[in-house]
Each structure stands twice: as C-alpha cells, then as structure tokens.
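Trainee: Below is a structure I'd like to ask you about.
The values are calculated or read from the model by the stated rules, or taken from the named source; none is laboratory data. The model shown is predicted, which means the values in this text are computed figures rather than measured ones. When we count neighbours, we look across all protein chains shown, and the Cβ atoms used for this are built from the backbone with ideal geometry, even at glycine.
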Amino acid sequence: MHFRSQKKTQSEVSLSETLDSDGQGNPLQLMDVVGQDDTMLEDLHQRDAALQLRHLVATALTPREAELIRLRYGLGGSLPLTQREVAATFKISRSYVSRLEKRALEKLRSNFQ
C-alpha cells in the first residue's frame, strides 16, 4: 500500500527543489532556472510594432521627415540627437525642427494601426 501512494507522487516536482549549488555554495533551485514571467507575446507585439513603425517611416514620410525622425529618435542604431543638433545638421532653426517633428509624428500616428 505504501508503494502505491509513493508512485502517485513520483512525477511531482517542487519548484523549491534544489538542483545543484553555485560556485559560492548557494543552492540553485528549480524556480531559479524556470522563467517566471512569460513575456513572449508582449515581445512579439513590440517587435511587430517596431517593424511596422520602420516601414511607416520609410513609406509615409518624406525623405526629409524620415531622416529627421531617424536622427531625433535614434532609429537605425544611432544615438538620438537633440533638436539643436538636428537643426545644425539640417541648417534650420530649432523651432522649425520642432514643427517638422510634430508634423511627422502626426503622420505616423494617423497611419499606425
């Protein structure tokens, strides 16, 4: 009878079960190895949104607006620039950069689904 009751619990595993110990002698438990937060769906959504945004920057904006957005927000792996730095690059005023940026962001917002 005792063996039958033990057989039922053989396949059960506790998250607090010690698997091994790290280099400092601290116990490594199963809960340390198993991911606790499943963010895969959220990560996929963010990746799809980023791809859609990249596509919109290339298609919905004029080349000048697209370059301005890339510079301002660091798209394409570069560091984001300030409005003053973008103004110096385009040889226009900072307030004009602000207006162009606002117009470009409105275009992106209206086309983003």
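Trainee: Suppose we filter Gln29, Gln10 for residues that are surrounded by fewer than 10 Cβ atoms within 10 Å (Cβ to Cβ), at pLDDT below 90 and farther than 30 Å from Leu108 by Cβ; which single one remains?
Mentor: Values: Gln29 fails: surrounded by fewer than 10 Cβ atoms within 10 Å (Cβ to Cβ).
None of the other options fit; the residue is Gln10.
Trainee: A further question follows. For region 82-113, give me the residue count where each residue is loosely packed, with under 11 Cβ neighbours inside 10 Å and closer than 17 Å to Leu51 by Cα.
Mentor: Number satisfying all stated conditions: 3.
Trainee: Given the conditions (1) at pLDDT 95 or above; (2) in contact with a helix residue (DSSP H, G or I) (Cβ under 9 Å, 6 or more places away or on another chain); (3) within 24 Å of Leu51 (Cα to Cα), which single one is not true for Leu75?
Mentor: Failed condition: (1).
Trainee: Quick one: is Gln24 over 27 Å from the mean Cα position of the chain (by Cα), surrounded by fewer than 11 Cβ atoms within 10 Å (Cβ to Cβ) and modelled with pLDDT of 75 or more? Give the derivation first.
Mentor: Values: over 27 Å from the mean Cα position of the chain (by Cα): yes; surrounded by fewer than 11 Cβ atoms within 10 Å (Cβ to Cβ): yes; modelled with pLDDT of 75 or more: yes.
Spelling it out, Gln24 is indeed over 27 Å from the mean Cα position of the chain (by Cα), surrounded by fewer than 11 Cβ atoms within 10 Å (Cβ to Cβ) and modelled with pLDDT of 75 or more.
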